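Notes to accompany the following structure.
Readers should treat all values here as calculations from the given coordinates under stated rules, not as data from a laboratory. Just so it is clear, the structure is predicted and the values come from calculations on it, not from any experiment. With ideal geometry, Cβ positions are generated from the backbone for all residues, glycine too; neighbour counts draw on all protein chains shown.
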Amino acid sequence: MTAPPLPEPQPAADSERHNRLVGAGFALLAGLAFVAMDTLSKAMVGHYSFMQITWGRYVFHMLPLLLLLAARGQLRLLRTGRPRLQLFRSVLIFFSSAVFVLALKYLPLADTITLNYSSPLLVTALSVPLLGEKVGWRRWAAVSVGFLGVVVVIRPGLEEIHWAVALPLMTATAMAFFNIATRMLASTDDPLTTIFYTGLVGTIAGTLVVPFVWMPPDLWGWAGLFGIGFIGFVGHLAYIHAFSYAPPSFLSPLTYLGLVWATLAGWLLFGQLPDVWTFVGMAIIAGSGLYILYRESVRRRERTA
């Protein structure tokens, strides 16, 4: 009795699987880089002004980016077709970065990052008036549940609320507008162009402000400022490469692993382990965000069909 013939190889399926694995690797690297940048910022904000740390983030983000563009002969990417929108987006991310570092000075790392993860909920809500997207009742319900998770983390009325709790919520709001602006630029500008203007505006704005709060860093201070900027640059570059290999519907859920990394970093380095209710709120926010991503992927498949 002869054996049945082996199935023909599926090169296209194998290539897609490989690309998804590579994309997931880049996404995980980006998530780890961003949490490492936030952790280093928290370690430094007790010794230096939050504006000085924000300045370092953008200056040492710009230098390797310019070297990379020059080495690749891609300086043509410095041109943008929508300079006003690029400026608006870059101002938003600079404001968000500065306020986020200030929040790290007063709040635990995991709590700050958890509240910042309410940004995707705001993006869903704002996409209706700003992008003309249609959001069904399921996604509106997920947004409502997600904000319930924010309330669980803050717990108003049950204990004294630190005023700095408002800071990551301000950051989340600014990031929501920032992400919508990023969507609008995706159809006209190269991602490296957008990253360049992010660094350029942040460097200029930080350089104008930092003389008023400057504290001369020692060797470790300079190393920390460089590390924050360079790690952030690596994170953004890995994030771009991730989406060049795999679709957003596959990669976006991996971003919520940042909550795990932040919790571990806060516990191991600062002795700050979230309480039970913070973990509950964290799970609600992450679950709502993941469900919104799922519903958006379903709607995309329906529109394609």
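Taking label points 7 Å from Cα along the Cα-to-Cβ direction, Trp214 and Arg301 give a separation of 5.7 nm.
Mean sequence separation of contacting Cα pairs (under 8 Å, at least six apart), scaled by the length of the chain, corresponds to a relative contact order of 40 percent.
Each other residue within a Cβ distance under 15 Å of Leu264 adds +1 if Lys or Arg and -1 if Asp or Glu, for a net charge of -1. Charge dipole (Cα centre; +1 on Lys/Arg Cβ, -1 on Asp/Glu Cβ; no other charges) of segment 179-305 amounts to roughly 500 debye. Here the Karplus curve 6.51 cos²θ - 1.76 cosθ + 1.60, taken at θ = phi - 60°, turns the phi angles of segment 53-65 into couplings of 5, 5, 4, x, 4, 7, 5, 7, 8, 6, 4, x, 5 Hz, with x standing for Gly and Pro.
Extension gain, Trp222 to Tyr106: 0.36 nm times the residue separation minus the Cα-Cα distance gives 39.5 nm. Couplings for segment 27-35, taken from phi via the Karplus curve 6.51 cos²θ - 1.76 cosθ + 1.60 with θ = phi - 60°, read 5, 5, 4, 4, x, 5, 5, 5, 5 Hz in order; Gly and Pro are left as x. Computed from point charges on the beta carbon alone (+1 for Lys and Arg, -1 for Asp and Glu), the dipole magnitude for the chain about its Cα centre is near 840 Debye. Other residues with beta-carbon under 11 Å from the beta-carbon of Leu104 carry, at +1 per Lys or Arg and -1 per Asp or Glu, a net charge of 0. Using the rule -39500 (n - 2.57) for each DSSP H run of four or more residues, divided by the residues of the chain, the 222 nm mean residue ellipticity is -26000 deg cm²/dmol. Just report the Cα centroid separation between segment 227-242 and segment 85-122, whole Å. For segment 227-242 versus segment 85-122, the Cα centre distance is 17 Å. Summarising the overall dimensions of segment 21-148 from its C-alpha atoms, the Rg and Dmax are 17.9, 49 angstrom.
Kindly provide log₁₀ I(q)/I(0) values, in the same order as q = 0.22, 0.23, 0.26, 0.29 Å⁻¹, from the Debye equation applied to equal alpha-carbon scatterers of segment 238-300. Log-scaled intensity ratios, in q order: -0.94, -0.97, -1.07, -1.17. Near Gly224, once Lys and Arg are set to +1 and Asp and Glu to -1 for all other residues with Cβ below 12 Å from its Cβ, the sum equals +1. Under the simplified labelling scheme, the Gln74-Val280 pair shows an inter-label distance of 4.7 nm, with each label point 7 Å from Cα along Cα→Cβ.
Applying the Kirkwood pairwise sum to the alpha-carbon positions of the chain produces a hydrodynamic radius of 20.7 angstrom. For a modelled paramagnetic label at Phe270, 7 Å from Cα along Cα-to-Cβ, the residues of segment 202-242 in reach, with backbone nitrogen under 17 Å, are 225, 228.
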